[in-house]
Amino acid sequence: MLGKRIRHARTSAGLTLAELAERSGSTPSQLSHIENGRREPRLTLLTAIATVLDVPTSDLLDPGPPPDRRAELEIALEHAQAGSLFARLGLPHVRASKSLSLPVLEQLVGLHQEIARREAQAIATPEEARRAHTELREWMRGRDNYLPEIEEIGEQTVRAAGYTVGALTHSTVAQMARTLGFEIVHTPDLPHSTRTVTDLENGRIYLPPASIPGGHGLRSLALQAIAHRVLGHTQPVSYADFLRQRLEITYFAATCLIPRSAALEHLEPRKRGKDIAIEDFRDAFGVTHEAAAMRFTNLGTSHLQIPVHFLRVGEDGTLVKGYENDGVGLPADVTGAIEGQYVCRHWAARAAFERRIRTTEFHQYTDTPNGTFWCSTQTGSTESGEFSITVGVPFAEAKWFRGRETRRRAASTCPDEACCRRPDAALTDRWKEASWPSAVAHSQVFAPLPAGRFPGVDDAEVYAFLEANAP
């Protein structure tokens, strides 16, 4: 960008390379390298160039948009040809020289952008999504599900907005938005493919109306929208990048809803008293059981030295999301993906569905091939069915938790199919040839992920919404 700005200022001043070189104490070849981005000038030379061209040095160093359309296209062409996609094409490099006309530059850049778009669309498949999920989960596992940089940003942001203790209020979230120059607006007609929409031009964050007044959901959605700005996110370049951003904004929202310092003030004395309970942690900060359980995984190992696992399981026994660093061994396919895998029927995450009264947490010890684990499970329901949320730890760590005295104990030999997946031999003989079940087909498994600017978002619908709601 610096070279493009120098060239733009030089041609605007009507100077040749030789003339600028002579007046600034340089050489034409050195200036050519600088203008083409192959060399950076020393500060003394840059100052001399700015003096000759009669422009402030700060203007040449401005990181903003390119000085003109041609410079923008030249930079875009250079970036496209520096990427791995272009290298795979095996085509010769085209130099963005002044002899290359503007229409040709437009066409070349447009072709590169379309190739990149089609490549992204081609790989945005369920397989790509599962691979990206797996890589991100393993990356977080290596960090004990803890991101200290975002912890610091979240703590500072929420404290600056006036948070002191307890549940984060809607008014504090609104103050955080105002600090960034945004107003939170609730609207009933958000595009169906979006959770929130941020109007950067008019400083508005659009959220759905509250279905439950005072609920945790809208605070979380607003904080996630704010997080994109606080964390400096740009348009994702791949589905993996989109997932990483989603993880980061969710993590940021969690650090605001349950700030680290306040969370540890709650958890540390309860560990000393051997009375940790996720339901108490949940109620102290006015969040969902799932949010409290996930937040515990962020802090449990890094600050309490407790290895832990987390599960969200559907009523059909499939694993929706999970995390572990305690060796429990989550069910996974050959690629390492866990989403959609069946959890053992004997684990607490599924045994909890058998209870008739579910107002409190369900506790159980389970003997597995990887050792014995204590788990605390709570169930809930949505329009799509029931689910369970589980936090579990190795047997030796159960001493820190309320419910460790439970006498409920089960045994699991999964992934051995004889544990709970293989039907009784007599039933197999009876029904194998006399039954024909029709399986539920999840259509999203077969479809590629949408390929808009943001995966799953209908760009046309979003733009129409913004146009209709702009002040």
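From the list THR297, THR301, which one is at negative phi and surrounded by fewer than 21 Cβ atoms within 10 Å (Cβ to Cβ)?
Numbers: THR297 fails: surrounded by fewer than 21 Cβ atoms within 10 Å (Cβ to Cβ).
Exactly one of THR297, THR301 is at negative phi and surrounded by fewer than 21 Cβ atoms within 10 Å (Cβ to Cβ), namely THR301.
Can you name every residue in segment 329-357 that is within 30 Å of the chain's Cα centre (by Cα), farther than 23 Å from GLU405 by Cβ, open to solvent by 20 Å² or more (accessible area, probe 1.4 Å) and of a type outside the set (A, V, I, L, M)?
Those that are within 30 Å of the chain's Cα centre (by Cα), farther than 23 Å from GLU405 by Cβ, open to solvent by 20 Å² or more (accessible area, probe 1.4 Å) and of a type outside the set (A, V, I, L, M): GLY329, PRO331, ASP333, THR335, GLY336, GLU339, GLY340, GLN341, TYR342.
Could you run through segment 385-440 and say how many residues are in a strand (DSSP E or B) and either of a type in the set (Val, Ile, Thr) or open to solvent by 70 Å² or more (accessible area, probe 1.4 Å) (or both)? Show your work before the answer.
To start, the set of residues in segment 385-440 that are in a strand (DSSP E or B) comprises 385-394, 401, 409-411.
In the following step, the residues that additionally are either of a type in the set (Val, Ile, Thr) or open to solvent by 70 Å² or more (accessible area, probe 1.4 Å) (or both) were identified as 389-391, 393, 409.
Selection size over segment 385-440: 5.
Looking at segment 162-203, which of its residues are under 21 Å from the mean Cα position of the chain (by Cα) and among the hydroxyl-bearing types (Ser, Thr, Tyr)?
Passing the criteria: SER193, THR194, THR196, THR198.
So which of ARG195, ARG219, ARG159 ends up being touching a residue at least 24 places away in the same chain (Cβ under 8 Å), open to solvent by less than 60 Å² (accessible area, probe 1.4 Å) and of a type outside the set (Gly, Ala, Ser)?
Exactly one of ARG195, ARG219, ARG159 is touching a residue at least 24 places away in the same chain (Cβ under 8 Å), open to solvent by less than 60 Å² (accessible area, probe 1.4 Å) and of a type outside the set (Gly, Ala, Ser), namely ARG219.
Has segment 326-349 got any residue that is in contact with an Asp or Glu (Cβ under 7 Å, 6 or more places away or on another chain) and not in a loop (DSSP other than H, G, I, E, B)? Spell out how you get there, then give the answer.
In the first step, residues of segment 326-349 are kept if they are in contact with an Asp or Glu (Cβ under 7 Å, 6 or more places away or on another chain); the result is 330, 341.
Applying the additional criterion that residues be not in a loop (DSSP other than H, G, I, E, B) yields none.
Checked segment 326-349: no residue is in contact with an Asp or Glu (Cβ under 7 Å, 6 or more places away or on another chain) and not in a loop (DSSP other than H, G, I, E, B).
What pairs can you find where one residue is in segment 84-109 and touching a residue at least 12 places away in the same chain (Cβ under 8 Å) and more than 21 Å from ARG69 (Cα to Cα), the other is open to solvent by 40 Å² or more (accessible area, probe 1.4 Å) and not charged (D, E, K, R), and their Cβ atoms are less than 7 Å apart, with a gap of 6+ or different chains?
Going by the 7 Å Cβ cut-off, the qualifying pairs are LEU85/ILE115; LEU85/ALA116.
Under 6 Å between Cβ atoms, at least 6 apart or on separate chains: pull out the pairs that start in segment 266-294 with a residue that is under 15 Å from GLN378 (Cβ atoms) and part of a loop (DSSP other than H, G, I, E, B) and end on any residue that is among the aliphatic types (A, V, I, L, M) and open to solvent by less than 20 Å² (accessible area, probe 1.4 Å).
VAL287/LEU257
Contact list please: Cβ distance under 9 Å, first residue in segment 307-323 and free of Cβ contacts under 8 Å to residues at least 12 places away in the same chain, second residue open to solvent by 10 Å² or more (accessible area, probe 1.4 Å), pairs at least six apart or on different chains.
If the second residue must be open to solvent by 10 Å² or more (accessible area, probe 1.4 Å), no pairs are left.
Is there any pair with a first residue in segment 352-372 that is touching a residue at least 60 places away in the same chain (Cβ under 8 Å) and a second that is open to solvent by 30 Å² or more (accessible area, probe 1.4 Å) and outside any loop (DSSP other than H, G, I, E, B) whose Cβ atoms are under 7 Å apart and which are 6 or more apart or on different chains, and what are they?
Note: pairs meeting the criteria are GLU361/GLU279.
Can you tell me how many residues in segment 358-384 are surrounded by 18 or more Cβ atoms within 10 Å (Cβ to Cβ) and of a type in the set (Asp, Glu)? Explain how you work it out, then say what you get.
So the first thing to find is which residues in segment 358-384 are surrounded by 18 or more Cβ atoms within 10 Å (Cβ to Cβ), and the list is 361-366, 368, 373-379.
In the following step, the residues that additionally are of a type in the set (Asp, Glu) were identified as 361.
Number of matching residues: 1.
Take the residues in segment 41-82 that are surrounded by fewer than 12 Cβ atoms within 10 Å (Cβ to Cβ) and in contact (Cβ under 8 Å) with a residue 12 or more places away in the chain; name whichever of them is farthest from ALA116 (Cα to Cα). Spell out the reasoning first.
First pass over segment 41-82, keeping only residues surrounded by fewer than 12 Cβ atoms within 10 Å (Cβ to Cβ): 42-44, 54, 56, 58, 63-65, 69, 82.
After this cut, where a residue has to be in contact (Cβ under 8 Å) with a residue 12 or more places away in the chain as well, the list is 54, 63, 69.
Numbers: ASP54: 40, PRO63: 25, ARG69: 21 Å.
In this case the residue turns out to be ASP54.
Please enumerate the residues belonging to segment 163-190 that are touching a residue at least 24 places away in the same chain (Cβ under 8 Å), more than 25 Å from VAL457 (Cα to Cα) and either in a loop (DSSP other than H, G, I, E, B) or open to solvent by 30 Å² or more (accessible area, probe 1.4 Å) (or both).
If the condition is that a residue be touching a residue at least 24 places away in the same chain (Cβ under 8 Å), more than 25 Å from VAL457 (Cα to Cα) and either in a loop (DSSP other than H, G, I, E, B) or open to solvent by 30 Å² or more (accessible area, probe 1.4 Å) (or both), then TYR163, VAL165, GLY166, ALA167, LEU168, HIS170 are the ones that fit.
What is the number of the single condition among (1) open to solvent by less than 70 Å² (accessible area, probe 1.4 Å); (2) more than 30 Å from ARG69 (Cα to Cα); (3) at pLDDT 90 or above that GLU149 does not meet?
GLU149 satisfies all of (1) open to solvent by less than 70 Å² (accessible area, probe 1.4 Å); (2) more than 30 Å from ARG69 (Cα to Cα); (3) at pLDDT 90 or above except (1).
For the subset of segment 48-69 comprising residues that are part of a helix (DSSP H, G or I) and over 14 Å from ARG10 (Cα atoms), which member is modelled with the highest pLDDT? Spell out how you get there, then give the answer.
Here is the first cut: in segment 48-69, the ones part of a helix (DSSP H, G or I) are 48-53, 57-60, 69.
From what is left, the residues that are over 14 Å from ARG10 (Cα atoms) are 58, 69.
Working: SER58: 81, ARG69: 85.
Among residues in segment 48-69 that are part of a helix (DSSP H, G or I) and over 14 Å from ARG10 (Cα atoms), the one modelled with the highest pLDDT is ARG69.
The values are calculated or read from the model by the stated rules, or taken from the named source; none is laboratory data. If you're wondering where the values come from, they're calculated on a predicted model, not measured in any experiment. Heads up, the Cβs are rebuilt from the backbone with ideal geometry, glycines too, and the neighbour counts pull from every protein chain shown. When the accessible area is computed, the model is the full protein with side chains, heavy atoms only, and any ligands, DNA or RNA have been set aside. Shrake-Rupley method; radii C 1.70, N 1.55, O 1.52, S 1.80 Å.
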